[in-house]
Amino acid sequence: MTDTVDVPIIASFPPAYAHPGDAGADLCAAEAVVLGPGERFTMPTGVSIALPDGYAAFVVPRSGLAMRHGLTIVNAPGTVDAGYRGEIKVTLLNTDRSMPYDIAVGDRIAQLIVMPVTRARFIPVDTLPDSQRGTAGFGSSGYTVTEAGEHA
C-alpha cells in the first residue's frame, strides 16, 4: 500500500504519474522553445502547489530525455519548500554539443517527487564522533570494481 498526501494545486497541465508505482509525476512545459546546443532556459510549468508542512517536492530530470537527447536540469534536484506558493519553473539545459532540442507546450520535461522531510536540529559541538569513512571525500569509494565486487 502506498501512502498519499493531498496537495492543493493550480495547474494548466497537472503533474501525472505515467505508471502505477512511479515515484515522480511528470511536469509539462507551458511554453514552446528551441534549446540550442549548450543552451539553458527556465521553463514555466503553469503549476503552483501548496504542500503541507513536513513535505517538500523535488524536481528531477526525466531519464529518457537525458539519455536520448542530453536534456537535463541545471539545479537537479530543485527543491520546492512547503511554504512556496509560486509557479514551479524548471531550468533546462541541452547538453548535446550539436543538436538543438524542440520543446512544445505540454511536453513532459521533468518529474516532481513529493516526500516527507525531517527538519534537523543542528547542535554545535567541538568534535564529531568517528566513523569508518572519516573525512574521506570525493572519490573515496574508488571508481573501479575488483573481481571481488569491491571498489578500488
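The values are calculated or read from the model by the stated rules, or taken from the named source; none is laboratory data. Since we're looking at a predicted model, the values are computed, not measured. Ideal geometry is used to build each Cβ from the backbone, glycine not excepted, and the neighbour counts take in all protein chains shown.
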- [ ] Residue by residue through the stretch 1-17, note down the ones that are among the polar types (S, T, N, Q) and either under 24 Å from Gly106 (Cβ atoms) or surrounded by 12 or more Cβ atoms within 10 Å (Cβ to Cβ) (or both).
- [x] Ser12
TODO: Provide a single number: the residues in the stretch 56-87 that are surrounded by fewer than 17 Cβ atoms within 10 Å (Cβ to Cβ) and under 14 Å from Pro15 (Cβ atoms).
DONE: 1
Task: Residue that is without any contact (Cβ under 8 Å) to a residue 24 or more places away in the chain and surrounded by fewer than 17 Cβ atoms within 10 Å (Cβ to Cβ), where the choices are Pro44, Pro20 - done: Pro20
Open item on the list: If I ask for residues that are of a type in the set (Asp, Glu) and part of a strand (DSSP E or B), which ones from the stretch 91-108 would you list?
Closed with: Asp102
TODO: Collect the residues in the stretch 88-104 that are aliphatic (A, V, I, L, M), surrounded by fewer than 17 Cβ atoms within 10 Å (Cβ to Cβ) and either in contact with a strand residue (DSSP E or B) (Cβ under 9 Å, 6 or more places away or on another chain) or under 25 Å from Ser12 (Cβ atoms) (or both), keeping them in residue-number order.
DONE: Ala104
- [ ] Considering (1) within 15 Å of the chain's Cα centre (by Cα); (2) of a type outside the set (D, E, K, R); (3) outside any loop (DSSP other than H, G, I, E, B), say which one Asn75 fails and leave the rest.
- [x] (3)
Task: Residues within the stretch 44-72 that are at pLDDT 95 or above and among the hydrophobic types (A, V, I, L, M, F, W, C), tallied - done: 9
Open item on the list: Looking at the structure I just gave you, is Ala29 surrounded by 19 or more Cβ atoms within 10 Å (Cβ to Cβ), of a type outside the set (S, T, N, Q) and modelled with pLDDT of 95 or more?
Closed with: yes
